[in-house]
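The values are calculated or read from the model by the stated rules, or taken from the named source; none is laboratory data. Nothing here was measured: the structure is a model prediction, and the numbers come from that model. Ideal geometry is used to build each Cβ from the backbone, glycine not excepted, and the neighbour counts take in all protein chains shown.
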Amino acid sequence: MMRSAASTVLLAALLLTSGCEREKREFKSERAESGDRDEVALSSLSPGATPPQVATSGRAATFEGNAYHVAQGKRLFTWFNCNGCHAMGGGDSGPPLMDDKWIYGGTIENIVATIREGRPNGMPSFRGKIPDDQIWEIAAFVRSMGGNLSKNVAPQRNDDLNPFPAENRRPPSPPTTGGQPLPASRGTQ
Amino acid sequence: MSGRAGNVRFVLVVSAPLGLTACNVWQSALDAHGQSAEAVLRQFYGFTALSAGIWLLVIFAMIGALRRRRSLAERLAAPLERRSRPEAFATIAVSTAIGLTAAILIGLTTWSFMTGRTLASLRGRETLTLLVTGDQWWWQVRYEDSQANRTFTTANEIHIPVGQPVKVKLESNDVIHSFWVPSLAGKEDLIPGHQNEIYLKAERPGVYRGQCAEFCGYQHAHMSFLVVADEIPDFEAWRSRQVATAASPTGEEAAAGQRVFLSRGCSICHTVRGTPAGGKVGPDLTHVASRKTVAAGTLPLSRGSLAAWIADPQAIKPGTNMPRVALDPDELNAVVAYVAGLQ
Ligand SMILES: [Cu+2]
């Protein structure tokens, strides 16, 4: 009796773990190199009564909801020397990435566009240099720097000493209008 | 499956892997070609033979005791009877056995200590120092030298001069790995933030396979490497080829391949000395085509396997830190021609 109860509980626990998708590892990119599937606006203004038209591919959820992708993003952030200009998010010759001020938008689509296309005041374009999926992974990690990812997805612990708390313990700082306002239709996310 | 047949089957299944241990001669602690491995192997055979002999003696003594036990009737008749002659004999036998045990244990400990000294005797006598860094899931190898123009970095294939002690310093960039070339020496861990060292001395020329021996993630099984022990002149020739910068591309296709390599992201991860490619994330490719394998022993090196690897590394080694770089067929052919020419 006891035995069968215990094994039922164990089985149920096993079933629960199989439902856990936060760590699911997707090694194969779903598609080839993209380019511009996401149409993001950098202004909330548009001619006429309607706000700017934006259309997103919906890939955000794949990358922002998956601990493996975000952890890879963290690794790539130093491998591709983003920290050379942005430090670990605190900013250096490039602007800070862990605060809530975004010149070019703080949604993951904006950040992907920033990395891929570059920005005029000194941000290099990584188009064709970093494969698309990795750009998304890095962008998801950049979002976690400001505490904007769910706590169970954001990186939890640094391998080396770190002057500030791990990404999953940072208070959320939702993007606000920094240099430029965000498109109204996306608002703050 | 019942009775005898079942037993026979069981014994067969259990002993089958024993046959395998003898097959794989280029990675086996039982096939020693290094000073350290030979010392350990001698000790292993000695310990095993001695223990087997002692085990047999114990079993014989036990069988003897069982055969000489008193019958039930005798025991019921006189349960507490002492037999004086066997008792005296037993005292002598037991004392001798204890004495022998102590002597054998001391002997084995001394032997083990001497083996340890043999392993340590290489220390400080090295003629070559390497720095091996573990990465998920490949090995970076740096040949150090007091002359800066004789140092260089390579990956996944280590050449050493035969008969010379070589010091291998071990570090890790991510998690714990373990450096193990069974035919040459024991294991030593690569620990992040800490430097370990191990000494190799190959007694005979040959190609010895090594393998990461500490589980380090998804592709741990595909994290192997080769140690090639060369005669000294061959080693020096190899070394001067490796020190040189990369061959410039020969032919139209390879030249186009170099342009692809430099413009399509390969160069942010890989170094090809003599070109602007200076990435430090992946293996140094300056002389990649001179190696025997691709991707830490995953594939034997050929133009075809390079093409397969570059076309889709995730299909060959899922989870590896080299991403699939989307290239159209012409770009792929060109870049493969270029990489295959990096002799
Ligand atoms: Cu390993």
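Which residue is farthest from B:Arg123 (Cα to Cα), if the candidates are limited to the range B:141-187 and must be among the charged types (D, E, K, R) and assigned to a strand (DSSP E or B)?
Among residues in the range B:141-187 that are among the charged types (D, E, K, R) and assigned to a strand (DSSP E or B), the one farthest from B:Arg123 (Cα to Cα) is B:Glu157.
How about the range B:137-164: which of its residues are more than 20 Å from B:Ala246 (Cβ to Cβ), in contact with a Phe, Trp or Tyr (Cβ under 9 Å, 6 or more places away or on another chain) and surrounded by fewer than 21 Cβ atoms within 10 Å (Cβ to Cβ)?
Those that are more than 20 Å from B:Ala246 (Cβ to Cβ), in contact with a Phe, Trp or Tyr (Cβ under 9 Å, 6 or more places away or on another chain) and surrounded by fewer than 21 Cβ atoms within 10 Å (Cβ to Cβ): B:Val162, B:Gln164.
Quick one: which of B:Pro313, B:Pro323 is within 13 Å of another protein chain (Cβ to nearest Cβ) and in contact with an Asp or Glu (Cβ under 7 Å, 6 or more places away or on another chain)?
B:Pro323
Among the residues of the range B:78-88, is there at least one that is of a type outside the set (A, V, I, L, M), over 27 Å from B:Leu301 (Cα atoms) and in contact (Cβ under 8 Å) with a residue 24 or more places away in the chain?
No, the range B:78-88 has no match at all.
Looking at the structure I just gave you, is B:Cys266 touching a helix residue (DSSP H, G or I) at 6+ places or on another chain (Cβ under 8 Å) and modelled with pLDDT of 95 or more?
no
Is there a residue being touching a Ser or Thr at 6+ places or on another chain (Cβ under 8 Å) and within 30 Å of B:Gly217 (Cα to Cα) anywhere in the range B:41-55?
No.
Please indicate, with yes or no, whether at least one residue in the range A:1-17 is at pLDDT below 75, more than 14 Å from chain B (Cβ to nearest Cβ) and under 28 Å from the mean Cα position of the chain (by Cα).
yes
Is at least one residue of the range A:116-137 in a loop (DSSP other than H, G, I, E, B), at pLDDT 90 or above and either within 18 Å of A:Arg22 (Cβ to Cβ) or in contact with a Ser or Thr (Cβ under 9 Å, 6 or more places away or on another chain) (or both)?
yes
If only one of B:Ser178, B:Ser183 is near the ligand (Cβ under 10 Å from one of its atoms), under 17 Å from B:Ala29 (Cβ atoms) and either more than 14 Å from every other protein chain (Cβ to nearest Cβ) or in contact with a Ser or Thr (Cβ under 6 Å, 6 or more places away or on another chain) (or both), which one is it?
Exactly one of B:Ser178, B:Ser183 is near the ligand (Cβ under 10 Å from one of its atoms), under 17 Å from B:Ala29 (Cβ atoms) and either more than 14 Å from every other protein chain (Cβ to nearest Cβ) or in contact with a Ser or Thr (Cβ under 6 Å, 6 or more places away or on another chain) (or both), namely B:Ser178.
Would you be able to tell me the number of residues in the range B:76-87 that are in a helix (DSSP H, G or I) and modelled with pLDDT under 80?
4
Residues of the range B:186-210 being of a type in the set (Gly, Ala, Ser), away from the ligand (no atom under 13 Å from the Cβ) and out of contact with any His (no Cβ under 9 Å at 6 or more places or on another chain), which ones?
B:Gly186, B:Gly193
Got at least one residue in the range B:253-260 being within 16 Å of the ligand (Cβ to nearest atom) and surrounded by fewer than 19 Cβ atoms within 10 Å (Cβ to Cβ)?
No, the range B:253-260 contains no residue that is within 16 Å of the ligand (Cβ to nearest atom) and surrounded by fewer than 19 Cβ atoms within 10 Å (Cβ to Cβ).
Inside the range B:211-252, can you point out the residues that are touching a Cys at 6+ places or on another chain (Cβ under 8 Å) and more than 8 Å from the ligand (Cβ to nearest atom)?
B:Ser224
State all residues of the range A:87-145 that are away from chain B (no Cβ under 14 Å), of a type in the set (A, V, I, L, M) and crowded, with 17+ Cβ neighbours inside 10 Å; if no residue qualifies, say none.
A:Met88, A:Leu97, A:Met98, A:Ile108, A:Ile111, A:Val112, A:Ala113, A:Met123, A:Ala139, A:Ala140, A:Val142, A:Met145
Can you tell me which residue is nearest to B:Val162 (Cα to Cα) among those in the range B:115-127 that are in contact with a Pro (Cβ under 7 Å, 6 or more places away or on another chain) and surrounded by 17 or more Cβ atoms within 10 Å (Cβ to Cβ)?
Among them, the one singled out is B:Glu126.
Which of the residues belonging to the range B:262-300 are touching a residue at least 24 places away in the same chain (Cβ under 8 Å), within 12 Å of chain A (Cβ to nearest Cβ) and out of contact with any His (no Cβ under 7 Å at 6 or more places or on another chain)?
Passing the criteria: B:Arg264, B:Gly265, B:Cys266, B:Cys269, B:Val281.
Scan (1) surrounded by 13 or more Cβ atoms within 10 Å (Cβ to Cβ); (2) part of a helix (DSSP H, G or I) for the single condition B:Ala102 breaks and write down its number.
Unmet for B:Ala102, out of (1) surrounded by 13 or more Cβ atoms within 10 Å (Cβ to Cβ); (2) part of a helix (DSSP H, G or I): (1).
Going residue by residue through the range A:46-60, is there one that turns out to be assigned to a helix (DSSP H, G or I) and modelled with pLDDT of 75 or more?
yes
Looking only at helices (runs of 4 or more DSSP H) that lie completely in the range B:246-328, which have at least 3 residues being more than 20 Å from B:Ala155 (Cα to Cα)?
B:252-263
May I ask you to verify whether B:Gly134 is crowded, with 18+ Cβ neighbours inside 10 Å, within 15 Å of the ligand (Cβ to nearest atom), of a type outside the set (Phe, Trp, Tyr) and closer than 30 Å to B:Gly278 by Cα?
Answer is yes for this residue.
Tell me, please, whether a residue that is of a type in the set (Phe, Trp, Tyr) and modelled with pLDDT of 80 or more can be found in the range B:54-71.
Within the range B:54-71 (the criterion being of a type in the set (Phe, Trp, Tyr) and modelled with pLDDT of 80 or more), the answer is yes, since at least one residue qualifies.
Considering each residue of the range B:324-340, count those that are in contact (Cβ under 8 Å) with a residue 12 or more places away in the chain, of a type outside the set (Lys, Arg) and under 18 Å from A:Gln134 (Cβ atoms), and give that number.
Residues meeting the conditions: 2.
Restricting attention to the range B:248-264, which residues are closer than 17 Å to B:Leu306 by Cβ and not β-branched (Val, Ile, Thr)?
B:Pro249, B:Gly251, B:Glu253, B:Ala254, B:Ala256, B:Gly257, B:Gln258, B:Phe261, B:Arg264
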